[in-house]
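Undergrad: Mind having a look at this structure? Questions to follow.
Just so you know, all these numbers are worked out from the coordinates, no wet-lab data involved. Note that the structure is predicted; figures quoted are calculated from it, not measured. Virtual Cβ from ideal backbone geometry, glycine too; neighbours counted across all protein chains shown.
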Amino acid sequence: MALLKYKGKRIRASDKSLVYRFSTGMLMFVFIAVLLLLNIRQLMRTDWNKFSLLGNNGLTLSTYNIITVIMATGICTLVAFCYYRFCYDSYKRFVHRQKLSRMILENGWYEAETTQGNSFFTDLQSSKSKEKISYFPKIYYRMDNGLLHIQCEITLGKYQDQLLCLEEKLESGLYCELTDKTLHDGYIEYIMLYDMIANRISISEVKAEHGGLRLMKNLVWEYDALWKN
């Protein structure tokens, strides 16, 4: 059963710009979808064989087309605000994964090979070189009930010492507090308490019920489970 346990999202080198790629892709999709919906009648009546975006007097866009562009931009802004406001945890997942990827890249905890770019003239050596990553540490990220689970594979390689002592970097970089650090067979797991300030509760809210004691909004100490085990 342990082998089937979900570890989380694999951190990859491409995640260094994850927030930008996700935001751009989502907003671009919303923008195009809104434009198509607002202009679908006009698009269906358009003769594409004679269509030209530029005319003798400049752009051929009508006033309605310009209004729809402004409306689509406004809806994109509203979607971005609502996503940040109501899906904050989902947004933070992307931020955390991006930070973990940049941590590995900026500290040089990976292996890369330098390859020469292809030249148009095969008899001339190309001066362009490209870095290709041949090894990137296996690190998995998962957020579950206000706790961050970060698992790092231990391969006895030259980056093992760094991966075994990540708690200070993770606490300061992800604004979390370490609650547990466990060495398993082949990997080490860091369990971090996420967003401590926002999830604090008052003393009156600390209640024992259903076999558990609520310590924070997103953290319950299930003491009854200890007796069962």
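Undergrad: With r defined as the distance between the Cβ atoms of residue 133 and residue 81 and R0 fixed at 30 Å, what FRET efficiency is calculated, to the nearest 0.05?
TA: Details: r = 36 Å, r/R0 = 1.20.
The formula returns an efficiency of 0.25 here.
Undergrad: While we're looking at this one, here's another question. Using packing as a proxy for protection, rank 93-106, 174-187, 150-163 so that the peptide with the highest average count of other Cβ atoms within 10 Å comes first. Write down the numbers at each step before the final one.
TA: Numbers: 93-106: 18.8, 174-187: 13.1, 150-163: 15.6.
Highest to lowest by the protection proxy: 93-106, 150-163, 174-187.
Undergrad: Would you tally the net charge around residue 83, using a Cβ to Cβ cut-off of less than 13 Å, leaving residue 83 out, and scoring K and R as +1, D and E as -1? Provide the component values of the computation, followed by the final result.
TA: Numbers: positive: 85, 92, 93; negative: 89.
After counting each charged neighbour, the total is +2.
Undergrad: How much FRET efficiency would the formula 1/(1 + (r/R0)^6) give for residue 113 and residue 160, where r is the Cβ-Cβ distance and R0 is 25 Å, rounded to 0.05?
TA: Details: r = 21 Å, r/R0 = 0.86.
The pair residue 113/residue 160 has a calculated efficiency of 0.70.
Undergrad: How long is the gain from residue 189 to residue 208 if the chain were fully straight, where each residue apart is worth 0.36 nm and the alpha carbon distance is subtracted? Please list the in-between numbers first.
TA: Values: separation 19, 0.36 × 19 = 6.84 nm, distance 2.87 nm.
Full extension of this stretch gives 4.0 nm more.
Undergrad: Now for a separate question. Between residue 153 and residue 179, what is the FRET efficiency for a Förster distance of 22 Å, r being their Cβ-Cβ separation, to the nearest 0.05? It would help to have the intermediate numbers written out before the result.
TA: Values: r = 21 Å, r/R0 = 0.96.
Plugging the Cβ-Cβ distance into 1/(1 + (r/R0)^6) gives 0.55.
Undergrad: Please give the contour-minus-distance gain from residue 21 to residue 145: 0.36 nm per residue of separation, less the Cα-Cα distance, rounded to one decimal in nm.
TA: Numbers: separation 124, 0.36 × 124 = 44.64 nm, distance 2.62 nm.
Gain on stretching residue 21 to residue 145: 42.0 nm.
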